[in-house]
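The values are calculated or read from the model by the stated rules, or taken from the named source; none is laboratory data. Because the structure is predicted, anything quoted here is derived from the model rather than measured. Cβ placement follows ideal geometry from the backbone for every residue including glycine, while neighbour counts extend to all protein chains displayed. Remember, those area values only see protein heavy atoms, side chains included, never the ligands or the DNA or RNA. Shrake-Rupley method; radii C 1.70, N 1.55, O 1.52, S 1.80 Å.
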Amino acid sequence: MIVALTAYEGLLLRRDRRAWLALWCLAALVLVAFAVNLGQVIDGNAAKREVAAAERARWLGQGEKDPHSAAHYSIFAFKPTPLLAALDPGVEPFVGQTVWLEAHVQNDLLYRPQGEASALQRAGLTSPAGLLIGLAPLVAFLLAFTAVAMDRERGTLRLALGAALRPRTIVIAKTLAIWSILAAALVAPVSVAALLANWLAAGWDGDALLRLALWVAAMTAYLGVLSAIGVAVSLLAGSVRGALALLFGLWILLALALPRWAGSAVEQARPLPATQSVKQQLQDEAPAYWTAEQARQRRAELLARYGAKRDQDLPVDLRGAELDLSERHSHAAFDRVLGNFYDRVEAQDQAFAAVGLLSPSAAMQTLSPLLAGSDFHHHRRFVDGAEHYRRELVNRMNREVMRRPADGAAKSTGDARLWQQIPEFVHRPPRLVQAAAGAGWALWALAVWTALALWALARAARRLRP
C-alpha cells in the first residue's frame, strides 16, 4: 500500500506547476553545470598532458651541462584534475595546477583556474554539488509545502485521515514521494552522466566508481533529510503562512547563513599565518645560499665527516658535497614550516566539518569534495608527491656533482644518458580509503541530522488527527 500511496502523492505533486517548474529548472542547471565543468576538466587535463610531454622533451634535450645546473633547469610538474571534480570542483579553482621543481626551493604552485573564471563561475553557480547543496533545500521545502500545507488548507488531508488511514502512513508516503522525485530529477541524471564520462575517459576504475557511488548515496541521503524536515515543519506549523515562513527561514539558515558563518568562525578560531610570513620563515630557515661564515662551518663539517684535513683529501667533490648538504638541510625546514602550515589548513577543514552538526549543508560541503577527490587533502598529496620527485631529482644531480671524474677532468658533467635516468613525473592521487579519515565529522553530522529529521517526522505524525 505504501508504494501505491507514494505514487499517488507523486502524482499530486506534479500537478503543482510552481514547485515542479522550480525542480526542473534546478535539474537542468545542474546538468548544464556538469557539462561545462566536465569540458573544462577534459580540456585542462589534455593541455597539461601536452605541455608535460613538451617539458619532458625539453629536459631530455637540454644538452651536456653541469648536473647542478640541470637541477636548476629542471622541469614543471602538472596536477591532473580528477573527472569527478566536474561534480564538485572543491578547492581546484583556488589552488595552483603546476609547480616549478628546481634546486634549493620548494616553489608555490602556479596558475589558479579561478583567476580566469567568468562572472557566473565566480558566483559559484557552475558547480553541480554547490547547486544541490545550496538550492535543493529550497526546492525540497517547496515540494513539502505543496504536499502538506496546501493539502491541509484544501481539506484533502483531513479527508485522507478520515478514510481510516494511519497518519504515519500518509506522512511516510508524502516524504518518500518528495525524496524519490528529488533524487530522480536532481541526482540520477548527473550521476549517470558522470558514470558515462568516467567510463569513456578512464574505463571502469574501481576507486572512481566507489567515489561516485558514495557521492550519490551521500547526496541522496542529504535530500532525504531535507524532505523529512520539510514535511515535518509543514505538519507542525500552525498555519500555511507559518509553514512557508518557517521553511523559507530554514533554507536561509541551514543552506546559506550557517555555512558562511562557519567559514568565518573557523577562520577566527584557527587563523592561518599570512603567506608572506611563511615565505619569509622559509627564507630564514632554508636560505638558497649560505653566508661566508655558514660556508666555512659546513666545510669544516664535511672535512670532519670524511676524516680529511684538506679539500683535496675528500673522496668526493667539495662543491657537490656542499650542495648536497645545503639541499638536505632545506628539506627539514620545508617539512617543518610548510608541513605545519598544511596541517593547520587541514585542521580548519576538520573544524568546518564539525559545524555540520549545526547544518546538513555544511556537512555536505565537506563530504562532497572529499568523495570527488577535489578537497585540500587530495591537493596536499599532489604537493607532497611533486616535492618528493623534486628531491629525488636534485639529490640525483648533486650525487653526480659529488662524483669525482675518473679521467681527471675538472668536474663532472651530465648528458642525455643522465637525464634519461630521471623518470617522468606521474601523480598518483590517494585512494578513497586513504582519504576517508577526513570524512568522520561530516558522516557523523549527516547521521545526526538523519536521526533528527526522522524524530521530527515521527513527532509530526503523532500530532495528526482526522
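Values for this structure:
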| read-out | value |
| --- | --- |
| Residue count for region 16-31, restricted to those that are touching a Ser or Thr at 6+ places or on another chain (Cβ under 9 Å) and farther than 16 Å from Ala136 by Cα | 1 |
| Entirely in region 310-415, the helices (runs of 4 or more DSSP H) that have 3 or more residues that are farther than 30 Å from Pro287 by Cα and not small (Gly, Ala, Ser) | 318-354, 360-372 |
| Subset of region 319-352 that is basic (Lys, Arg) and modelled with pLDDT of 90 or more - its residue that is most open to solvent (accessible area, probe 1.4 Å) | Arg336 |
| Subset of region 398-422 that is of a type in the set (A, V, I, L, M, F, W, C) and at pLDDT below 70 - its residue that is nearest to Ser326 (Cα to Cα) | Ala410 |
| Failed criterion for Arg305 (all others in (1) touching a Ser or Thr at 6+ places or on another chain (Cβ under 8 Å); (2) open to solvent by 80 Å² or more (accessible area, probe 1.4 Å) hold) | (1) |
| Counted residues, region 407-451 - those being open to solvent by less than 80 Å² (accessible area, probe 1.4 Å), among the aliphatic types (A, V, I, L, M) and out of contact with any Lys or Arg (no Cβ under 7 Å at 6 or more places or on another chain) | 12 |
| Every residue from region 187-225 that is touching a residue at least 60 places away in the same chain (Cβ under 8 Å) and not in a helix (DSSP H, G or I) | none |
| Unique match (being open to solvent by 60 Å² or more (accessible area, probe 1.4 Å) and either of a type in the set (D, E, K, R) or touching a Gly at 6+ places or on another chain (Cβ under 7 Å) (or both)) among Trp179, Trp204, Trp199 | Trp179 |
| Filtered residue count, region 279-310, keeping only those that are more than 21 Å from Ala103 (Cβ to Cβ) and among the small types (Gly, Ala, Ser) | 4 |
| Filter result (touching a residue at least 12 places away in the same chain (Cβ under 8 Å), among the small types (Gly, Ala, Ser) and either closer than 18 Å to His104 by Cβ or open to solvent by less than 70 Å² (accessible area, probe 1.4 Å) (or both)) within region 245-301 | Ala255, Ala262, Gly263, Ala265, Ala286, Ala288, Ala295 |
| Failed criterion for Arg241 (all others in (1) outside any helix (DSSP H, G or I); (2) of a type in the set (Lys, Arg); (3) closer than 30 Å to Ala149 by Cα hold) | (1) |
| Output for region 48-81, where each listed residue is open to solvent by less than 40 Å² (accessible area, probe 1.4 Å), touching a residue at least 60 places away in the same chain (Cβ under 8 Å) and either small (Gly, Ala, Ser) or within 30 Å of Pro189 (Cβ to Cβ) (or both) | Ala52, Gly63, Ala70, Ala71, Ser74, Ala77, Lys79, Thr81 |
